[in-house]
Amino acid sequence: MCDAAANQTILCVGDIMLDRFVYGGVSRVSPEAPIPVLEQKTVTSMLGAVGNVARNVASLGARAVVCSVTGADPEAEELLKLLSETDGLVGCTVQDSSRHTTLKVRYVANGQQLLRVDREEQGAISEFVEGRLCDSIAEEAQQAAAILLSDYAKGCVTEGVIEACLKAAADNEIPLIVDPKGTDFARYGAADLIKPNASELGGVVGRKVSEDEDVETALRELLAKIPAKGLLVTRSEKGLSFISETGDVSHFPAEKREVYDVSGAGDTSLAALGLAVAENADMATASQFALIASGIAVSKSGTATVSNQEIRDALAIKATNQARRSRQHLPLEERIAAWRAEGLKIGFTNGCFDILHAGHIRVLEFSAQHCDRLIVGLNSDASVKRLKGESRPLNNQDDRREVLEALGSVDAVMIFEEDTPLELVRMVQPDLIVKGGDYTPESVVGADIVSARGGEVLICPILEGRSTTGTIEKSKSL
């Protein structure tokens, strides 16, 4: 999909705006009022609304044509300059001297927005301007693979503009995808897909939708009332949910990501979805593509774009994680064999891990940093009792194994009954063995086996003052 995008033109129609970000720092409160004083450092401007949709289409490798309306003011000049300077963007905007170009200014300190100031008009564009815009849509759609209609309720998306998009889509046999506004979704006609967020969907049906069942009921209820061919709702960290003409609902979960800024994430999602649908991708593939793209976008500051390479990297990581998870259900011997076949370096460390503490974490992370896959040998309950006494372990072997398996640094846990992991090392034949504490490489159990096959024996520096025995003794004195 990423490579095929280079041959596509996507027509982006709707409200356009200028997003301006004023960045600085706050170190004092104003003496005039209890408000922070922002010391301005940098100011950046970028295309917003349908402009941001188009930016993302271009950054994903396709050609984006923008059909919209601006004022005839300095902000319009800045906006047109951004359009002309951005690779892959073509501007077909209509200027209206009676309107202001929509401007949103965000004041940001230390990564947090302090204030947003909007200057905008929400009245519908004039019939004359609408006619010129509709003419552009009809002409540009002839070269397009899809039409994306981005409605921000600023007056550009009139009934006439919607009709022009529907006709252009039908005449050229291309899909029309709508990012809607308001509660009247019927006004978008027989669009191929309408993409509200969960809040917008809830506003249309008149109730909050959160759980899968609520979403399914709301989607079926809404689709029965409007002529659209399909609905796809974006649900933030819960992913996407789609209903087709047949009434079948599918849920596509999102992967967890650190969210830095949600500005423009919906635009990124629309752009990615449009490209995928233009390539005749099924909805599962298109939804996954949109989820990955929007997930990358929210990890960035401002109305960010997502590149082809970022998508490829994310897909590669996802494929690796899926393969890794699928192999977790295989017998460990088969997983080890598969790791060896891939040429991966297999590491090994061992211990009781009765009460997990910082010293344990250091050894495990140290071990993981020096190999591709880490296997942890875990003393059984009987083995721990022989080594530590009848009162140990405090946590049984199944609980200890579950805790270790939950760590990102650990790929597999193997329980051994003996006092030492020697037989385990013989069976695994690791490329690396790690031990923490006051050991020397020669004194590590299994070191001779690893060294004989050209492997490494490493000693992790001990973290002073951390031990399970010490923790237990300390708790007794409390």
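Structure values in brief
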read-out: Two-decimal Rg to Rh for the stretch 332-476 - Kirkwood Rh, Cα set; value: 0.95
read-out: Computed helical MRE - 222 nm, the chain, DSSP H runs ≥ 4 contributing -39500 (n - 2.57), nearest 500; value: -11500 deg cm²/dmol
read-out: Per-peptide average of other Cβ atoms within 10 Å, ordering 431-441, 400-410 highest first; value: 431-441, 400-410
read-out: Over the stretch 332-476, relative contact order from alpha-carbon pairs under 8 Å, at least 6 apart, %; value: 27 percent
read-out: Of LYS195/LYS229; LYS195/LYS238; LYS104/LYS238, pairs whose Cα-Cα distance is over 23 Å; value: LYS104/LYS238
read-out: Taking the chain and dividing mean pair separation by its residue count, relative contact order in percent (alpha carbons under 8 Å, at least six apart); value: 11 percent
read-out: Nonlocal amide H pairs with GLY14, under 5 Å, H built at 1.01 Å; value: CYS67, SER150
read-out: Three-way shape label, the stretch 331-370, alpha-carbon gyration tensor, a/c 1.5; value: oblate
read-out: Distance between the stretch 118-147 and the stretch 15-76 - C-alpha centres, whole angstrom; value: 22 Å
read-out: Packing-based order for 67-74, 78-85, 374-381, 160-167, using average beta carbon neighbours within 10 Å, highest first; value: 374-381, 67-74, 160-167, 78-85
read-out: Packing-based order for 22-30, 103-111, using average beta carbon neighbours within 10 Å, highest first; value: 103-111, 22-30
read-out: Among [x] 24, 61, 15, 0; [y] 20, 38, 28, 13, 0; [z] 20, 39, 25, 13, 4, 0, the entry that matches P(r) over Cα pairs in 20 Å bins from 0, in percent as calculated here; value: [y]
read-out: Of all DSSP beta bridges in the chain, antiparallel share, percent nearest 5; value: 35 percent
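Every number in this text was worked out from the coordinates using simple rules, so none of it is lab data. What you are looking at is a predicted structure, and each value in this text was computed from that prediction instead of being measured. Neighbour counts are summed over all protein chains in view; Cβ atoms, including those assigned to glycine, are modelled from backbone coordinates with ideal geometry.
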